[in-house]
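Okay, structure first, notes after.
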Amino acid sequence: MKAVILAGGKGARLAPYTKILPKPLMPIGDMPILEVLLHQMQRAGVDEAVLTVGHLAHLLRAFFQDGSQLGLKITYSYEKKPLGTAGPIALVDGLDETFLVSNGDVLTTLDLCELTAFHRAQGAAATIAMHRREVKIDLGVIETLGDGVQVSGYIEKPVIPYQVSMGIYVFEPRVRNYIPAGQYLDFPDLVLRLLAAGEKVVGFPFSGYWQDLGRPDDYAQASEDFEAMRSQFLPEAEA
């Protein structure tokens, strides 16, 4: 199985670290976050990973090389200009079977085999791994009718649940037909295109551990969690 890993972003929210180091090479414990993800993919049956690269691409290539040290084949797809989160997929050849797509900065205990099996059982064109988050509003929320004046309800400090994308997807090859080559496209826009075309898009709810490295406090938390939960992320390392 192939996987496409999005590793070309500048990681602006983690500056200044990402001025000299691409975000997928940010260390988690004694290895880069992307190395953790690649170990998990290899264990799930991925035999080839294509890294879409741009910012500081030479460092990623120097570190991961051809992937043989990780037990899988690694190739590289270069973005000459930023193409968004979904646009780089159009540059990748050979995606003629079900394939994985992932951000390069995700730390999770998600079972990728379960995700892929769910996708196939659903008969979907695209499956989005999703995680439940909650927002607590520390104020009293007033509900009004359509005129915006007449009060219809009052909720004291509500907690609002919602599902977020984990940055991990399973796609069928035909999804590439909705991604114009060489054009900027983000995942939300791709999903809307799929839905408008009548394609089936499903979400895989996951309640286990998930954290991305988007902000410095997220990164600090992920580093701490990796040290405490290492055997859950990399069970083969404890075997």
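The length gained on full extension between residue 48 and residue 135, counted as 0.36 nm times the residue separation minus their Cα-Cα distance, comes to 27.5 nm.
For the chain, the solvent-accessible area of protein heavy atoms averages 50 Å² per residue (probe radius 1.4 Å; ligands and nucleic acids excluded). FRET efficiency for the pair residue 31 and residue 111, taken as 1/(1 + (r/R0)^6) with r the Cβ-Cβ distance and R0 = 22 Å, rounds to 0.60. In plain terms, the bigger the Kirkwood radius, the slower the diffusion; for the range 115-239, with that radius from Cα pairs, at 37 °C and 0.692 mPa s, Stokes-Einstein puts D at 179 µm²/s. Separation of the range 104-151 from the range 58-95 is 28 Å, based on Cα centroids. For the range 18-78, DSSP calls about 25 percent of its internal beta bridges antiparallel.
In units of the compact-protein estimate 2.2 N^0.38 Å, the range 41-128 shows a Cα radius of gyration of 1.15.
So, with +1 on the Cβ of K and R and -1 on the Cβ of D and E, and no other charges, what is the size of the charge dipole of the chain about its Cα centre, to the nearest 20 debye?
Using Cβ point charges on Lys, Arg, Asp and Glu, the chain gives about 620 debye.
Mind checking the dipole of the range 115-157: about its Cα centre, +1 per Lys or Arg Cβ, -1 per Asp or Glu Cβ, Debye to the nearest 20? In debye, rounded to 20, the range 115-157 gives about 400. Principal axis extents of the Cα atoms in the chain, from largest to smallest and rounded to whole angstrom, are 66, 43, 36.
Nearest 5 percent is fine: what portion of the DSSP beta bridges confined to the chain is antiparallel?
50
Which one, 39, 196, 123, projects farthest toward the positive side of the charge dipole computed for the chain from Cβ point charges (K/R +1, D/E -1)? Working it through, the farthest residue towards the positive pole turns out to be 196.
For the range 1-146, carbon and sulfur atoms together expose 53% of the accessible surface, with a 1.4 angstrom probe and every protein chain in place. Farthest towards the positive end of the charge dipole of the chain, among the residues 98, 58, 167, is the Cα of 58, using unit charges on the Cβ of Lys, Arg, Asp and Glu. Compute the relative contact order of the range 53-193 as a whole-number percentage, counting only Cα pairs closer than 8 Å that sit 6 or more residues apart in sequence. About 32 percent, as a whole number. Over 28 Å between C-alpha atoms is what I'm after, so list which of 2/23; 23/73; 157/200; 81/136; 80/200 land there. With Cα atoms farther than 28 Å apart: 157/200; 81/136; 80/200. Relative to the current alpha-carbon distance between residue 189 and residue 207, full extension at 0.36 nm per residue lengthens the span by 3.9 nm.
The values are calculated or read from the model by the stated rules, or taken from the named source; none is laboratory data. This one's a predicted model, so the numbers in the text were calculated from it and none came from an experiment. Glycine gets a Cβ as well: all are built from the backbone with ideal geometry, and neighbour counts include every protein chain shown. The area values use the complete protein model at the heavy-atom level, side chains included, leaving out ligands, DNA and RNA. Shrake-Rupley method; radii C 1.70, N 1.55, O 1.52, S 1.80 Å.
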